[in-house]
Structure formats: C-alpha cells, structure tokens
C-alpha cells in the first residue's frame, strides 16, 4: 500500500471514530470497546477519595488509564478570538494523544496527533478551514514553536506519567507537590491535591531566550465517580505566554476502548509545513 493510500485510510478511520463518538452510533469504528459512558450528575468528591493519601491520588492514574476515548465541548479563547467546538480525544498509552475539534455542522477545524516520550515528541497539527498544517518535533529543552500547536501539546504533556519518580511536597505549601518533569518534557511540573483528588496541574515548558515562562495550568473539577478511575468532567486550561485559555466540558467517556493503532500513525513529514 502506498504512503498516500495509508494516509487516506487513516483519515477515513479517524473520521469514522469522531462521528461515532459524537452520535454514539454503532458499526463505524473498526474496533470497539465498551459503549461510551455518559457522565453522571456532578458530585463534590467521590466516595472514599478523602481517605486516600495525596501521593495515592497523584499516582493512581498512571496504572489505571491506558486507553481512553472522550467526547467534549470546548471554548478556546486566543486574543480577541473565541472558538466554540465539540471534539473527540483519543489516548493510547504510553505516549500517544489525538484530539479533533469540529463545528456543530461536522466541519473539522483542528486535528492534532502527538506521539512521543521524554526523549522526543512529534506532532502533526492541521487546521483544514484555514488551509494550515504543522509538523513539529520537540526534544527536551526546546520551546513550543507556534501557539497554534500549544493546546494539543499541552494535552499530551498533561497525560504523561506523573510518578516516574516519587512526588515531593512543595515546602510551606500543603497539598502541592513537585513531579518529575522529564516524562512531559517539561522544565517544571506540579500538582495540587484537595479532597483526595488532583484539582490542579502545572506544566512549565522551556521558553525561548528572553521570553516569559511558558506555563500551562489546568484546573480539574467534578470527578466522575461512575468510572473505574474517576476523571474530571470540567477542565479549565490557560497558557498566558502563548495567549490562550480553554474551558472543556466532558460529555462522554469510554475507558480502555480498543483503538486501532492506525489512528496514531503520523503522516509523512513531506506533506506538512515544518514548524520545528
């Protein structure tokens, strides 16, 4: 099969997964996991959460979430522009994340794939309505080349392993812990714990010389207690240096689905505009 045919086949498969997640329809994806689980009514904290230690709350996700499909609604603000869209996020451990945003009419506005680890992460980001695409390869210590790729890269970083090394409590700041930043290719990484849940996470990437700190903050709320591992239903993200912030509401989650590996194959670099 030619490279072009592989790309077209992967694109069709991804479109099918996105449509399936939005409509919760059956018979589209080549492989299916359990039915997508609608989120339940909000609760303050999950039963038993407050009995967990802070370290247990921080590290539990590392071994519990290996694959994920989530449908969400987002509002992204950048400068004087506001974009509201629905989307699908696919996670395949240990280091692949794909996210797609589309209008209510089904038009794709953002499609991003990131695959990598502590040594290097590679991404392909496409904005079809703007006829733009980016191919990015980042190694530790390299700054984000363009804010356009920042939102999806932040999602990749936030989903990387938290406890490759034991968390260390921040001096004089109860409930706040430093994490090993290497797995997320970060210069610094912290989390805050409240009521036995991670409520805030900070990932600081290296910034260009003379530029302000490139920090992405995520605040989590409304853990879904119906899931095997509680995940937040609401996420607020902000990246002041990159000039964007986002509000995300999780609509449905499928834990440990069978995701076709072709969904996480990067396109040929020759077909993207280099941004690294």
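Which whole-number percent is the relative contact order of the stretch 42-168 (Cα, under 8 Å, 6+ apart)?
16
Treating only the Cα positions of the stretch 63-219 as identical point scatterers, give the base-10 log of I(q)/I(0) from the Debye formula at each q in 0.08, 0.19 Å⁻¹.
-0.24, -1.33
Compute the Rg to Rh ratio over the stretch 112-194 from the alpha carbon atoms, using the Kirkwood formula for Rh, and round to two decimal places.
My calculation of the ratio gives 1.06.
Bear in mind these aren't lab numbers, they're just calculated from the coordinates by the rules spelled out. None of the values given here were measured: they were computed from a predicted structure.
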